[in-house]
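These notes are about the structure you will find just below.
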Amino acid sequence: MKPATAELRELDAHRFVARLGGDWTSGSALPSPKLLSDGLAATEGGQLRFDTEAVESWDSRFITWVIGLSARLEARGMSVSWQGLPTGVGELIQLSRAVPERVDARRNVEKQGVAARLGNLVYGSVDQTRQLLAFIGEVSVAFYRFLTGRARFRRSDFFLFIQETGVEALPIVGLISLLVGLILAFIGTLQLAMFGAHIYVANLVGIAMVREMGAMMAAIIMAGRTGASFSAQLGTMQVNEEIDAFRTLGISPVEFLVLPRMLALMLMMPLLCIYADLLGIAGGMLVSVTMFDITVIQYLEQTRSAIDLTDITVGIVKSVVFGVLVAIAGCMKGIQCGRSASAVGQATTSAVVMSIVAIVIADAIITLINNVLGV
């Protein structure tokens, strides 16, 4: 096909013809409409029509080109006739002009300096901190109303969340905890074998799982599994304006939606932590019994002598704190979600990231407190 061409011809002092020809599809280079409009720069008033008999093929780019040229000429007071255009083009142009363009529809991209970007970052961080503190305050009020017996939420929802955060999470938590115990035992045994102290791998796995890894691995799994689920559920409700409906009816969304989810995680996380501890210890025992000359009785007895009730309590306390953090992050991002499908995805991603970061920070703080108290 011939390339797209555009030629301007003058019929008389006030009438002009734009002769177009060639291929006007997306695969060809189009002439600039500025060249034709500049040829009429000195003309005020007048009329322009088109001659498109030589046009071989066209698509939406052709229509866009004609609209762009027409806008330039009409801004100078010239009139443009759609006669002579291919069949249907004039109707499509009129249809495109039937609804005016929104003023704020285009996204304006402005380049900002380092100082401006830094200021926006600080301002955004302060605003997010304010929103977080406000949400924590609302959750605290709802929890106080629960303790005083005035909280309003459905018991059926509460038991459903217990099932989702408890029984349904056992397979993935058990698998990951077993593998973590296997890895800890294998790495620890390789190092202790140099000193002939294979038996002390039970101490390593037992203390690590009970004090740290059991609660942390269960919390991270729940952040990616349950925290993301909470955020997606509440985000979808926000998109469908269901949360606005709760507020209209005088029902607190935090009390009705967030509180049962948080209570379910607070109750199930200690049980999941103990479950993860047992499977992690079982994984370490499996490596020790199958790869080294350690019996099951020896391994269990060494584990029993290595850990005590304080270690178990520390892990359980951490699991409760982690459960609260996962619930707050997931629910807060869901309720503060925008009103589009992409906003739900962004809220879910932010909830998981925020949960994991909060879990790691909280674990470090609790560990420092335990070291100061000598626990």
Worksheet item: Right, GLU164: in the same structural domain as GLU255 (by TED's automatic domain parsing), surrounded by 15 or more Cβ atoms within 10 Å (Cβ to Cβ) and charged (D, E, K, R) or not?
Response: yes
Worksheet entry | Matching residues, region 146-156, being surrounded by fewer than 15 Cβ atoms within 10 Å (Cβ to Cβ) and in contact (Cβ under 8 Å) with a residue 60 or more places away in the chain | ARG152, ARG154
Response to the item:
The residue that is surrounded by the most Cβ atoms within 10 Å (Cβ to Cβ), considering only those in region 348-375 that are modelled with pLDDT of 90 or more and either on the phi > 0 side of the Ramachandran plot or hydroxyl-bearing (Ser, Thr, Tyr) (or both), is SER355
Worksheet item: Considering only residues of region 306-324 that are under 21 Å from PHE135 (Cα atoms) and free of Cβ contacts under 8 Å to residues at least 60 places away in the same chain, which is surrounded by the fewest Cβ atoms within 10 Å (Cβ to Cβ)?
Response: VAL320
Response to the item:
Apart from one, (1) under 27 Å from ALA358 (Cβ atoms); (2) under 36 Å from the mean Cα position of the chain (by Cα) all hold for ILE307; the odd one out is (2)
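Keeping to region 205-240, report how many residues are over 17 Å from the mean Cα position of the chain (by Cα) and in contact (Cβ under 8 Å) with a residue 24 or more places away in the chain.
15
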Item to complete: Quick one: which strands (runs of 3 or more DSSP E) lie wholly within region 1-114 and hold at least 1 residues that are within 47 Å of the chain's Cα centre (by Cα) and either surrounded by 11 or more Cβ atoms within 10 Å (Cβ to Cβ) or at pLDDT below 75 (or both)?
Response: 15-24, 47-58
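Give the residue that is farthest from ILE251 (Cα to Cα), with candidates limited to residues of region 151-173 that are aliphatic (A, V, I, L, M) and touching a Leu at 6+ places or on another chain (Cβ under 8 Å).
Of everything passing the filter in region 151-173, VAL173 is farthest from ILE251 (Cα to Cα).
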Item to complete: Considering only region 328-347, state which residues are buried (at least 24 other Cβ atoms within 10 Å of the Cβ) and assigned to a helix (DSSP H, G or I).
Response: ILE328, ALA329, GLY330, CYS331, MET332, LYS333, GLY334, ALA347
Worksheet item: So which of LEU286, LEU257 is under 27 Å from GLY149 (Cβ atoms) and part of a helix (DSSP H, G or I)?
Response: LEU257
Worksheet item: Do we find a residue being at pLDDT 90 or above, more than 27 Å from the chain's Cα centre (by Cα) and surrounded by fewer than 12 Cβ atoms within 10 Å (Cβ to Cβ) anywhere in region 132-145?
Response: yes
Discussion item. Can you tell me how many residues within region 239-266 are surrounded by fewer than 17 Cβ atoms within 10 Å (Cβ to Cβ) and closer than 28 Å to ILE207 by Cα?
Written reply: 0
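Look at region 294-304 and say how many of its residues are free of Cβ contacts under 8 Å to residues at least 12 places away in the same chain and part of a helix (DSSP H, G or I).
Initial filter on region 294-304 (free of Cβ contacts under 8 Å to residues at least 12 places away in the same chain): 295-297, 301, 304.
Restricting the remaining residues to those that are part of a helix (DSSP H, G or I) gives 296-297, 301, 304.
Qualifying residue count, region 294-304: 4.
For (1) more than 22 Å from ILE361 (Cβ to Cβ); (2) in the same structural domain as SER140 (by TED's automatic domain parsing); (3) not polar (S, T, N, Q), each residue gets a yes or a no:
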residue: ALA276; (1), (2), (3): no, yes, yes
residue: ALA282; (1), (2), (3): yes, yes, yes
residue: LEU286; (1), (2), (3): yes, yes, yes
residue: ILE294; (1), (2), (3): yes, yes, yes
residue: TYR299; (1), (2), (3): yes, yes, yes
residue: ILE312; (1), (2), (3): yes, yes, yes
residue: SER340; (1), (2), (3): yes, yes, no
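The values are calculated or read from the model by the stated rules, or taken from the named source; none is laboratory data. Remember, predicted model here, so these are calculated numbers, not experimental data. Note: ideal-geometry Cβ built from the backbone for every residue, glycine included; neighbour counts use all protein chains shown.
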